[in-house]
Structures are given as structure tokens and as C-alpha cells.
1. Among what's in region A:125-158 and is of a type in the set (Val, Ile, Thr) and more than 14 Å from residue A:233 (Cα to Cα), pick the residue that is least open to solvent (accessible area, probe 1.4 Å).
2. Among the residues of region A:1-34, write down those that are within 18 Å of residue A:244 (Cα to Cα) and either outside any helix (DSSP H, G or I) or open to solvent by 10 Å² or more (accessible area, probe 1.4 Å) (or both).
3. Using the structure shown, decide if residue A:180 is farther than 18 Å from residue A:348 by Cβ and free of Cβ contacts under 8 Å to residues at least 12 places away in the same chain.
4. Could you figure out which of (1) of a type in the set (Gly, Ala, Ser); (2) at pLDDT 95 or above; (3) open to solvent by less than 10 Å² (accessible area, probe 1.4 Å); (4) farther than 23 Å from residue A:130 by Cα isn't true of residue A:273?
5. Of the residues A:218, A:206, A:250, A:267, which single one is out of contact with any Pro (no Cβ under 8 Å at 6 or more places or on another chain) and either open to solvent by less than 10 Å² (accessible area, probe 1.4 Å) or of a type in the set (Val, Ile, Thr) (or both)?
6. Confirm whether residue A:37 is away from chain B (no Cβ under 13 Å), open to solvent by less than 10 Å² (accessible area, probe 1.4 Å) and outside any helix (DSSP H, G or I).
7. Give the residues of region A:354-377 that are buried (at least 24 other Cβ atoms within 10 Å of the Cβ) and among the small types (Gly, Ala, Ser), sorted by residue number.
8. Would you list the helices (runs of 4 or more DSSP H) that sit entirely within region A:306-409 and hold 1 or more residues that are among the basic types (Lys, Arg)?
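The values are calculated or read from the model by the stated rules, or taken from the named source; none is laboratory data. Not measured: the values here are computed from a predicted model. Heads up, the Cβs are rebuilt from the backbone with ideal geometry, glycines too, and the neighbour counts pull from every protein chain shown. The accessibility values were calculated without ligands, DNA or RNA, using every heavy atom of the protein model including side chains. Shrake-Rupley method; radii C 1.70, N 1.55, O 1.52, S 1.80 Å.
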Amino acid sequence: MKKLLAAALGILTAIGGFVDIGDLVTNAVVGSRFGMSLAWVVVLGVVGIVLFASMSGRVAAVSGRATFEIIRERLGPRAAGANLLASFAINLLTLTAEVGGIALALHLASSVEPRLWIPVAALAVWLVLWRVKFQVMENVAGLMGLLLVGFAIALFQLGPDWGELLRQAVPPSPPGTEHPASYWYYAVALFGAAMTPYEVFFFSSGAVEERWTAKDLGTNRLNVLLGFPLGGLLSLAIAACAAVVLLPAGIEVSSLSQIVLPVAQAGGVLLLAVVVLGIVAATFGAALETALSSGYTLAQYLGWSWGKFRRPARAARFHLTMIVALLLAAGILMTSVDPVAVTEMSVVFSAVALPLTYVPILVVANDPGYMGEHVNGRVVNALGTVYLVIVVVAAVAAIPLMIATGAGS
Amino acid sequence: MNVGDLLDARVLGPDGAALGVVVDVRLALEVVDEPEGGPGAGEDREEAGHDAPLSAHARRDAVGGARLVGLLVGPRGAGSFHGYERTDVRSPWPIPQLVRRRHRGTFLVRWEDVASVEADPAADPSADDAKPRLRLAPGYDELPAGLG
Amino acid sequence: MTSDARERIVDARLHLLGRQVLDADGEPVGAVDDLALAGPEGAGAEAGREAHIDAILVGPVLATRLFGGRVPDSRLPRIAWDDVGHVGTAVELTVPSDRLDAVWVERWVRDRLIARIPGGRHDPEAEE
């Protein structure tokens with residue numbers, strides 16, 4: 001019974017931890033403009049992140065080396081240094097978006113100006129990183145993030161024409177009003193939102209932090225295998241809500257209040273409160289993960305002591321890095337940039353940066369020098385090669401599409 | 001002299017013909033026996049149970065001295081994925097195949113066959129990170145580069 | 001991998017450079033940035049003459065390998081190869097890091113900043 005409970009907890013945490021500000025914003029924007037015609041990208045992204053996360057977790061658990069240590073060893077200092085600069089910058093952008101997301105959600109809940117919430121949010125994130133046990137931190141944020149299931153409830157209450165939603169999704173039929181370049185631009189953005197590099201830094205470093213055993217590896221594979229696809233369903237529910245309410249009304253999403261509009265319409269104040277709480281938890285959890293990732297990447301590249309399992313004083317530069325990253329994120333937000341715009345940027349650049357982490361992990365997962373008998377099997381490698389192509393194509397296409405479409409506008 | 005000085009240095013034959021650059025430096029690590037019951041001794045780790053961290057199973061040797069064996073000379077610089085072509089890893093397609101193709105013609109020369117390590121006249125003398133130039137001794141052997 | 005059981009053949013770039021260095025307690029010390037060569041009996045390494053690895057260099061070499069330039073050899077934090085115990089996915093030392101000069105920056109940040117913030121020495125894994 002206890003075992004079953006632990007397994008359930010892991011899966012629920014993975015579901016709640018899947019959605020972050022990137023998924024929220026991108027799915028709502030896409031739903032409001034393209035209906036369900038990009039649902040296939042969410043499926044593609046979920047399969048990709050399951051593959052990528054479980055592979056990096058296995059590499060970290062078996063070799064004892066987390067992602068950026070491997071990147072440094074494999075690419076040499078120069079190429080790995082360029083990789084670090086790109087990964088760190090994009091991770092900082094994502095962190096900025098997540099902290100902004102917390103502030104926006106708290107603003108919705110309180111109608112206190114978001115700029116007043118930014119320092120509060122950043123400080124709260126830091127306090128948790130400073131004080132709270134790794135496992136507690138992960139579980140609480142993940143479980144609270146489950147409240148986003150409110151989007152699915154709202155969708156049922158809206159009583160949509162399911163056949164119509166399905167017709168939009170298969171075969172994908174983009175609305176005639178949209179330019180194909182915009183369609184593909186958002187396809188890349190949605191892919192980047194599902195397969196964000198920080199999830200991999202976090203997942204692999206977590207495997208080292210928790211000193212995974214063969215049993216842990218199995219458990220975590222199961223969590224990811226069940227939890228991420230269910231989390232993907234939440235993403236689809238967010239897109240569907242937007243497709244049902246915002247698309248016919250011609251509302252293009254540019255703020256968090258528009259994202260939750262369908263929820264308010266369907267379920268009233270109570271459901272809205274649940275969903276807003278879910279957004280706070282989901283963005284807070286992701287802010288923790290991205291802040292940690294900024295410390296993980298830099299410390300692992302430079303060979304510093306790192307990890308939340310150590311006392312802060314035993315990983316001093318790692319903690320200093322996280323403090324600086326949070327200060328930078330808060331500083332960027334205080335210049336009153338629009339967090340939603342930052343989010344849209346961050347998911348596209350995530351897609352650009354993805355091969356930088358994906359390729360070294362895929363290579364090392366096949367190297368018996370690191371993996372011994374735990375090298376990739378045939379099926380994983382076949383999938384791995386398919387995703388290698390997809391990941392590279394998305395990365396190469398992202399910037400030209402961004403320029404051609406004026407960032408999707 | 002550091003290993004880093006030798007890496008990417010130009011290599012000339014005894015007659016002065018350009019042979020390529022140093023892509024890696026081969027070493028022989030003396031493997032020593034673990035003291036009885038010492039931490040992580042090879043056979044003991046086999047017994048590390050289901051509950052031991054997986055990383056306890058990774059290959060790990062107790063080592064003594066590290067002797068310089070020779071240099072790997074390739075037609076072009078190492079680029080990324082240093083040394084990948086010397087392992088027998090074949091997957092994930094197509095990365096090993098591409099790296100191997102790029103490094104076709106890489107060979108090993110014994111350190112004994114290196115006649116001199118001198119300042120490279122082709123390099124900018126004012127640059128403080130100027131790479132040395134290596135010249136091989138007459139009758140040097142080109143040995144296969146594989147690690148197998 | 002090797003025919004001779006007493007030796008393990010490795011390539012510096014492939015197996016050593018960039019690897020994580022851990023101290024005797026498993027604490028990270030730095031990354032292998034370069035390896036210093038020496039000849040017999042403390043002489044400098046010479047072309048064609050017997051040579052071995054004398055020390056691991058960690059720290060600022062990384063900057064020079066990234067951006068070029070050279071740090072005078074005497075200024076580099078070095079760890080004697082004699083202090084290396086195991087080579088695997090990491091290079092493991094037989095000495096604790098407190099005895100190494102290579103970690104002074106970490107010590108500085110710890111003593112001047114992180115340890116001074118309340119809770120800086122709190123063990124996150126401890127039950128409260």
C-alpha cells in the first residue's frame with residue numbers, strides 16, 4: 001500500500017510538474033489562433049521529453065555525472081563553453097519568465113500590481129532553495145500544480161463540440177486566416193515549450209542529488225512515462241479552452257487574464273481560484289527548477305561543488321550563482337518588460353538550444369565507457385535518431401521563422 | 001611541457017612533410033590492486049546490491065603512474081566529440097559514422113619516435129599561446145589508432 | 001580493454017581532460033584542465049625520452065584554453081598525480097580538498113558570503 005502510494009505520488013508530481021509558464025502561454029496563444037490544429041506538436045513534444053528526460057536520468061544515475069559535466073567532457077572546453085553561454089542565457093530567460101508568471105498569477109489573485117509581487121516571488125523562490133529539502137520541494141510544487149486540472153474541468157463544463165475539436169486536430173487543418181509561416185513558427189514554439197532544456201538539467205542533476213539506485217531508475221522511468229503524457233493532456237486542455245472560447249471571439253492571448261478567461265466563464269470564481277492557485281504552484285515549481293538549473297549548469301561546467309543535498313556552505317559558488325540568477329531575473333522584470341512576451345521568446349530559444357544538450361546526452365547514452373551494460377537499446381536509439389532529426393530541424397528553422405513572421409504576429 | 005601544449009600542434013615527418021596535427025595524447029595508466037576490503041574494489045562492487053547507487057557500478061580503476069605512450073596524429077583538428085572515432089561505438093546513427101569519416105587516416109606514433117618539439121616558425125611569434133611543432137624521427141611507425 | 005591487465009590505455013582528451021576531479025570524500029574539486037608532463041627523476045619532459053604525467057592542472061587554465069594566452073606554470077593550481085587514487089567517469093583523489101590550493105575561491109565565497117547568510121550551514125537533508 002505504501003509502495004503504491006509512493007508510486008502515485010511520483011506520477012502526480014510529474015503531471016503537476018510538467019506544465020510551466022511556457023506551456024501555459026504557448027498553448028493558450030496557439031489555441032486562440034490555430035484551434036487544435038497544432039495538437040500533434042504537443043504529442044510530439046511529450047514523446048520527446050519522455051525520451052530525453054529518461055535518457056538523461058539514466059546517464060546521470062549510471063555514470064554519476066550530470067548533463068553539463070558530460071557536455072564539458074565530450075565537447076572540450078571551447079565548444080562546451082559556447083554551449084554553456086547559450087544554455088545559461090536561455091535558462092535565465094526561462095527563469096525570468098517563470099518568476100514573472102508567479103507575479104502575474106499573484107496579481108490575478110490579489111489585484112496588487114505585479115511589480116510589487118516580483119521581489120516577493122524572487123525572495124520566496126530563494127528561501128525555498130536555501131532551506132527546503134529537495135524531495136519536499138519537488139513534491140509540494142508538483143502536487144499543487146495538479147490544480148491546473150481545473151482547465152480540463154472547465155473544458156467539460158463549456159460543453160464544446162468535441163467532433164469539431166477533433167476535426168481541427170486530425171488531420172491538422174490550420175485556419176485559412178493564418179499564414180503557413182506563422183503556423184510553423186508556433187509549431188516550433190510549442191515544441192520548445194514541451195522540450196525545455198532546463199527540465200533535462202534538472203532531471204539529470206536530480207538523479208545525482210538523490211543518488212538513484214537501479215530501483216529508483218525504474219520508478220522514475222515509470223513516473224515520467226505516465227506523468228508527462230498526462231501533463232501533456234493538461235496542455236491540450238489549456239489549448240482546447242482557448243480554442244472553444246477565445247478563437248470564435250477573435251481574442252488573441254496577450255495576458256494571463258485572457259488565458260484564464262475560459263475558466264472563469266465556465267466554472268465561475270471558485271474554479272478560477274483553483275486554477276490561479278495551480279498557476280502559482282506550477283510557475284513557482286518551474287522557477288525553482290530553472291534557478292537550480294542555472295546553478296547546475298555553471299557549477300558542473302566549472303567543476304564546482306553543487307547540489308541541494310549539500311549544506312549551502314558546502315556548495316558556496318553554486319548557491320551564489322542561483323542568488324545572482326534570481327537577482328538578474330527580478331531585475332529584468334522590474335524594467336517592466338511583459339512577462340508573457342519574455343515567455344514567448346524563451347520557448348522559441350529553448351527550441352534553438354535543444355540540440356546543444358540533446359546530442360551529447362544521446363552520444364554518451366551509447367558509450368559503454370560511461371554506461372556499461374546500461375547503454376541505449378535498439379528501440380530507444382531508433383527513437384533517439386528520429387528525434388535527433390526533429391530537434392535539429394526545429395532549431396535550424398526557429399530563427400528564420402521568427403524573422404519571417406515577425407515573431408508570429 | 002603540458003599535454004595541452006602538444007594537442008593541436010603540427011606534426012612533420014623526418015623530411016619535413018606535413019603529416020597533420022596532434023589530435024590526442026595516449027597514456028598508459030598503471031592499474032594497481034586495491035588494498036584488501038578497500039573502498040570500491042573491483043570484485044566487491046559486483047556485490048553492490050539493488051539498493052546501491054547505480055553509479056557504484058561504473059568502471060573505475062585504482063591507478064598508479066601514467067606513462068606517455070604516444071601521440072595520435074590526424075589529418076585535421078579534433079573538433080568536438082574528441083576521440084569518439086577511436087571507440088567501437090556505432091550508435092546513435094549517424095553521429096559516430098560522421099565523426100569517424102572526418103577522422104579517417106588518424107594514426108598513432110610512439111613518443112620514442114618523436115625527434116623534437118620546437119617552436120613553430122609558422123606561428124605568430126608574438127602570440128603567447130603559440131603551439132610547438134613536432135618532428136618525427138626517421139623510420140617512425142604509423143600504428144593503428146584504435147583503442148581496442 | 002587492454003591486453004595487459006596491469007595497464008589501462010587511455011587517451012588524454014577522451015578520458016581525462018574535462019573530467020570531474022573529486023576529493024577523498026567525493027566532494028568536487030574542479031575539472032581536469034590540463035596535465036603536466038615530466039621526465040624521469042623530476043627532469044622536464046623531452047621529445048622521445050621517457051615521460052609521465054606529473055600533475056593535474058585545475059582552475060584558470062580553463063580560461064586560457066577558452067580564450068588563448070598562457071598563465072606562468074608556477075601560478076597554476078596543480079594536484080600531484082601521486083594524489084590520484086581512481087580513474088573512472090571522474091578522477092578521484094586520495095586527499096581531502098581542504099589540503100588543496102585549488103579550491104581557494106570556493107573557500108573565499110563560502111567564508112565571506114554564503115556562510116554568513118543565516119542558515120548557510122543548515123543541512124537541508126536533516127529532519128526538522
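1. Ranking the qualifying residues of region A:125-158, first place goes to A:125.
2. The answer is A:33, and nothing else.
3. No: the conditions fail for residue A:180.
4. (3)
5. None of the other options fit; the residue is A:206.
6. yes
7. A:365 - this is the single residue of region A:354-377 that is buried (at least 24 other Cβ atoms within 10 Å of the Cβ) and among the small types (Gly, Ala, Ser).
8. Values: elements: A:316-334, A:339-364, A:368-371, A:378-405.
By residue number, A:316-334, A:378-405.
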